[in-house]
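What follows is one structure encoded as structure tokens, with my remarks underneath.
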Amino acid sequence: MKFVFIADFFSNEICGGGELNNQYLIESLRKKGHEVEEKKSVDVIYKFLEDNCESNFIIANFVQLNPVFIQKIQKLKYIIYEHDHKYIKSRNPALYHNYKVPKNQLINENFYKNAISVFCQSDLHAEIVNKNLNIENIKNLSGNMWSTETLDLLEKLSKNSKKDRFSVMESSISHKNTPGAVRYCESKEEEYQLIRSSDYYNFLEQLSGNNKFAFFPQTPETLSRVSVEARMLNVEVHINSKVGAAGEPWFKLKGKKLIDFMRKRKSEITSAVEHVFEGGKITRSLKEAPLPKISLITSLYKGDDHIEAFMKNITSQSIFEECELIIINANSPGNESEVIEKYMKKHSNIIYEKLDKDPGIYGCWNLAIEKSSGEFISNANLDDRRSKQHVEILATKLMNNPDVDLVYSECFLTKKDHESYINNSSDGETYPIIDFSPEAMIKCLPGCMPIWRRSMHKKVGNFNEKYKFAGDWDMWLRAVKNGSRFKRIEGAHGLYYFNPKGLSTDKTKEHEKYKEEKVVFHEYAEVFGKENCNRYREYFSQ
């Protein structure tokens with residue numbers, strides 16, 4: 001992939017925590033074979049953006065970025081690698097009660113909202129951003145990045161003998177609050193050493209020479225690299241609630257255990273950046289609790305033409321190993337079994353059964369549900385394709401919204417067979433869906449690849465097998481009638497193939513399909529509301 005990394009300054013100009021973190025991400029991406037071009041904010045011009053319009057943009061500090069180009073970047077693929085609250089005029093949320101900033105003090109709101117993801121460094125950081133912008137594309141990376149050489153040095157320095165005194169970072173930056181740390185040490189009648197050096201490694205060596213570190217910033221630290229470095233150096237830290245790292249579960253580690261954790265985190269953060277550009281927005285934190293098991297159910301009949309690409313796509317899901325794939329072969333005359341069995345040798349979480357007769361698509365789905373054990377369920381159609389993060393994105397949203405029973409998203413729409421989610425001819429066209437409401441269910445709103453809770457079936461039963469075409473519409477309406485809520489996820493996370501020979505799109509079957517939909521419409525008229533009923537009653541009365 002080609003990345004463009006935009007920042008006000010880079011580490012060869014300023015040796016700050018943000019600049020170092022940016023540099024190590026750039027180096028890590030390059031080591032994985034990606035091309036990364038560094039561009040200072042002040043040097044960005046129209047031609048540069050136009051020449052790189054197909055690239056993936058990483059926007060770090062952007063105070064010096066012309067607002068005109070901020071508007072232009074919003075039309076490109078970009079993430080914001082958030083460091084210090086550039087959505088606030090003062091960049092200091094501590095000026096306001098409970099970090100809630102008045103509306104008239106917010107800036108760059110759309111820039112944050114329209115990013116694929118806003119990468120934050122701690123729960124505290126993400127919480128403050130979300131409290132003020134109320135956006136769904138926030139991701140907590142839960143950590144920073146250090147070079148292998150720096151981590152090796154930290155491991156070596158962690159073994160140094162230590163004097164019984166505090167280290168206090170001497171800083172001219174007022175919100176770092178050096179005087180406050182000095183007063184703290186003096187109030188405890190403890191000896192302290194003011195440490196400062198233009199040489200980063202010399203600073204770390206000084207920090208490792210004392211057994212305690214005092215740091216009481218006056219504005220929230222998105223993480224506080226120096227506090228984490230103190231822990232890695234086996235130094236006792238005395239900090240306040242404004243240090244983001246303090247709320248992360250790994251902060252209880254110290255010394256080599258924390259260093260080893262950050263070695264692994266470096267790889268995870270790099271992968272998160274790669275994946276978000278491959279598959280769209282991810283709001284799930286790296287440190288978040290594991291998702292429930294997800295059952296992917298598939299009905300198969302005459303699928304030779306699609307089975308290989310389907311199996312490759314579905315087993316490439318970012319969390320496929322946390323799922324189970326259940327394939328029911330409806331007595332297909334094809335040779336799909338050979339392909340499926342090849343994948344079963346690689347993946348133990350695939351369940352496959354070939355039936356003696358065809359019970360219809362909804363009969364197959366019901367049988368797959370009976371055989372499944374996941375808390376969440378999603379139907380996986382042979383001729384549709386998902387982004388690599390489709391299941392993870394939707395399942396995470398469902399997990400984080402306990403009052404919602406089903407989540408769905410737009411899908412790109414193609415009329416060409418054998419296309420992929422990444423390379424398709426949709427030209428941005430999507431299968432039209434809208435936000436959920438009972439009235440909006442006049443259409444089969446969830447589309448072709450929703451994810452829903454198993455508990456929904458316990459309340460309203462399984463798919464009605466008397467239907468050949470409208471069983472999913474009937475199922476979702478039955479759920480909504482009984483109080484279920486659905487939620488649309490922003491972004492197009494799949495590819496819907498408008499198959500001219502498909503069950504729901506074959507023109508020769510339109511009349512048969514209409515007859516079923518007519519029955520469903522009249523059965524659930526009360527769900528649609530009076531206005532919709534009046535609008536469509538004539539159509540469904542023919």
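What follows is calculated from the coordinates using simple rules that are stated; it is not laboratory data. Fair warning: this is a prediction, and the values are worked out from it, not measured in the lab. So basically every Cβ, Gly included, is an ideal-geometry build from the backbone, and we count neighbours across all protein chains shown.
From the list (1) 0.98; (2) 1.13; (3) 1.77, can you say which value of Cα Rg over 2.2 N^0.38 Å was derived from the structure given?
(2)
Please report the antiparallel percentage of the DSSP beta bridges confined to the chain, to the nearest 5.
Around 15 percent antiparallel, to the nearest 5.
Within region 323-360, which trypsin sites (Lys or Arg not before Pro) sit in a loop by DSSP and count at most 14 neighbouring Cβ atoms inside 10 Å?
In loop regions of region 323-360 (DSSP not H, G, I, E or B), the sparsely surrounded trypsin sites (Lys or Arg not before Pro) are Lys345, Lys346, Lys357.
In the neighborhood of Val460, defined by Cβ-to-Cβ distances under 11 Å, what is the net charge if each Lys or Arg adds +1 and each Asp or Glu adds -1?
+2
Which loop-located chymotrypsin sites (Phe, Trp or Tyr not before Pro) does region 264-373 contain, where loop means any DSSP state but H, G, I, E or B and the Cβ has at most 14 other Cβ atoms within 10 Å?
none
Using the 10 angstrom Cβ neighbour count as an exposure proxy, how do Asp199, Asp356, Asp506, Asp123 rank, fewest first?
Neighbour counts put them in this order, fewest first: Asp356, Asp199, Asp506, Asp123.
Quick check on my link table: of Lys345/Lys507; Lys100/Lys176; Lys176/Lys266; Lys415/Lys515, which ones sit more than 30 Å apart, alpha carbon to alpha carbon?
Lys345/Lys507
Could you give each residue of region 182-192 its phi-based ³J(HN,Hα) in whole Hz, using Karplus coefficients 6.51, -1.76, 1.60 with θ = phi - 60°, and x for Gly or Pro?
5, 4, 4, 5, 5, 5, 8, 6, 9, 6, 9
Per residue of region 507-514, in order, report the coupling 6.51 cos²θ - 1.76 cosθ + 1.60 (Karplus, θ = phi - 60°) as ³J(HN,Hα) in whole Hz, putting x for Gly and Pro.
Taking θ as phi minus 60°, the curve returns 4, 5, 10, 4, 5, 4, 5, 4 Hz for region 507-514.
Starting from the Cα-Cα distance between Asn335 and Glu429, subtract it from 0.36 nm times their residue separation and give me the gain in nm to one decimal.
Stretched out fully, the Asn335 to Glu429 stretch lengthens by 30.5 nm.
Where Lys and Arg each count +1 and Asp and Glu each count -1, what net charge lies around Val182 among other residues with Cβ under 14 Å from its Cβ?
+1
Percent relative contact order of region 294-541, based on C-alpha pairs within less than 8 angstrom and at least six residues apart?
Relative contact order, region 294-541: 22 percent.
Kindly state, to the nearest 0.05, the FRET efficiency for Lys100 paired with Asp356, given R0 = 56 Å and r defined as their beta-carbon distance.
After rounding, the FRET efficiency stands at 0.30.
May I ask for the net charge around Leu29, where only other residues with Cβ less than 12 Å from the Cβ of Leu29 are counted and Lys, Arg are +1 while Asp, Glu are -1?
0
Considering Cα pairs under 8 angstrom that are at least six residues apart, work out the relative contact order of region 148-253 and quote it in whole percent.
Relative contact order, region 148-253: 30 percent.
Whose amide H sits under 5 Å from the amide H of Lys77, counting only residues 5 or more places off or on another chain, with H placed in the peptide plane?
HN-HN under 5 Å from Lys77: Phe57.
I'd like the FRET efficiency for His347 and Asn534, computed as 1/(1 + (r/R0)^6) with the beta carbon distance as r and R0 of 45 Å, rounded to 0.05.
0.30
Explain nothing, just the number: dipole magnitude of region 148-253 about its Cα centre with +1 on each Lys and Arg Cβ and -1 on each Asp and Glu Cβ, in debye rounded to the nearest 20.
For region 148-253, the charge dipole is close to 180 debye.
If you average the sequence gap of Cα pairs under 8 Å that are 6 or more apart and divide by the length of the chain, what percent do you get for the contact order?
Computed value for the chain: 10 percent relative contact order.
Which residues among region 193-210 fall inside the zone where the amide N is under 13 Å from a point 7 Å beyond the Cα of Lys163, along Cα→Cβ?
Residues passing the 13 Å test: 193-196, 206-210.
5 Å is the cut-off here: which amide hydrogens, built 1.01 Å from N in the peptide plane, fall below it relative to Lys354, excluding neighbours closer than 5 in sequence?
Asn329
Give the separation of the Cα centroids, region 163-187 to region 286-344, in Å.
Answer, in whole Å: 58.
Each label point is 7 Å from the Cα along the Cα-to-Cβ direction; what then is the distance between the points at Glu155 and Ile422, in nm?
Those two pseudo-labels are separated by 3.3 nm.
How many nm separate the modelled label positions at Lys252 and Glu38, each set 7 Å beyond the Cα in the direction of the Cβ?
3.9
Non-local amide H neighbours of Ile195 (under 5 Å, H modeled in plane, Pro and chain starts lacking H): which ones?
For Ile195, whose amide H was placed from the backbone, the distant partners under 5 Å are Val168, Met169, Glu170.
Sort 520-527, 487-494, 39-46 by the packing proxy (mean of other Cβ within 10 Å over each peptide's residues), most packed first.
Going from most to least packed, we get 487-494, 520-527, 39-46.
I'd like the GluC sites (Glu not before Pro) in region 6-112 restricted to DSSP loop residues with at most 13 other Cβ atoms within 10 Å, sorted by number.
Within region 6-112, the qualifying GluC sites (Glu not before Pro) (loop, at most 13 other Cβ atoms within 10 Å) are Glu13, Glu54.
Fully extended, how many nm does the chain gain between Ile107 and Glu50 (0.36 nm per residue separation, minus their Cα-Cα distance)?
Going from the current span to full extension adds 18.0 nm.
Given a Förster distance of 35 angstrom, what is the FRET efficiency for Glu523 paired with Glu136, based on the Cβ-Cβ distance and rounded to 0.05?
0.55
So what J values fall out for region 479-492 if you push phi through Karplus, 6.51 cos²θ - 1.76 cosθ + 1.60 with θ = phi - 60°, rounded to Hz, Gly and Pro as x?
These are the phi-based 3J(HN,Hα) values: 5, 5, 4, 9, x, 5, 10, 10, 9, 8, 9, 5, x, 9 Hz.
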